[in-house]
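Read the structure below first, then the notes.
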Amino acid sequence: MANLEKAKEMYELIKRAFAELEWTYDEREEDMMIISGTSSNDLPIRFGLDVLAENEVIRFLSPMPTNVPDDKRVDAAIAVAVANYGMIHGSFDYDMRDGEIRFRMTTSYRDSHISTDVIKYMMIVGARTMDDYNDRFFALSTGNMTLEEFIAKDGQ
C-alpha cells in the first residue's frame, strides 16, 4: 500500500521547487499534479509534474504541441528511437495509434531523500530536452524535414 502522506510531502516539494524558481503553474491538487510551461526558441513547451503514490514516483511529462499525422507515424517511430538512443535522463514516449510524442522523466522517492534541487533538475532538463527536439519532431511530422535529416541532425 502506497504511503499517501509521503506522496503529499512530495507534492508540496514540487510546489516549493516552482516557488524557488519563481515559475508560475496551475494546480490539480486532486491528482497531485502541477502544470506549467515555458517559451523556447521555437515552439512553446507545456509540461506537468505529478506524484504517483502507488509507484512512489515523481513524474515529469511534456507532450509535443501537435500529434504526428498518419502518413508520418513510421518515420516518427524511427525518429523517437534515434532520439532515445544514448539519452541518459528521460526518454520520449510515442503512441503509434494517435501520433502523440511526449518526453518523460521519473524519479523514485521510495526510501530516498528528495530535495527541491532534484525537482528543479527534472524541470530544467525536461524543458531543455523538449527545446532541443520539439522543432525537429514538428518539422518531421509536417514534411519540412526528412527522416534522414532528423537522424543526421541528432548526431550534432
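Nothing in this text is a laboratory measurement; each read-out follows from the coordinates by a stated rule. All figures in this text were calculated on a predicted structure; none of them were measured in a lab. Please note: Cβ atoms are built from the backbone with ideal geometry, for glycine as well, and neighbour counts cover all protein chains shown.
Counting charges near Arg16 (Lys, Arg +1; Asp, Glu -1) among other residues having Cβ under 14 Å from its Cβ returns a value of -3. Per-residue extension of 0.36 nm, minus the Cα-Cα distance of Asp70 and His89, leaves a gain of 4.0 nm for this segment.
Report the Stokes-Einstein translational diffusion coefficient (µm² s⁻¹, integer) for region 79-133, Rh taken as the Kirkwood radius over Cα pairs, at 4 °C with viscosity 1.567 mPa s. D = 103 µm²/s. Charged neighbours of Asp154, selected by a Cβ distance under 10 Å, balance to 0 (K, R count +1; D, E count -1). Dividing the summed -39500 (n - 2.57) terms of all DSSP H runs of n ≥ 4 by the residue count of the chain sets its mean residue ellipticity at 222 nm at -14000 deg cm²/dmol.
Note on Glu5 and Ser115: with the Förster distance fixed at 22 Å, the Cβ-Cβ geometry gives a FRET efficiency of about 0.75. Put in line by how crowded their Cβ is, counting other Cβ atoms within 10 Å and starting with the fewest, Val80, Val125 read Val125, Val80. Convex hull volume of the C-alpha atoms in the chain, normalised per residue: 123 Å³. If you plug the beta carbon distance of Asp98 and Lys153 into 1/(1 + (r/R0)^6) with R0 = 22 Å, you get a FRET efficiency near 0.30.
Net charge of the neighbourhood of Ala53, taken over other residues with C-beta under 12 Å away and scored Lys/Arg +1, Asp/Glu -1, is -2.
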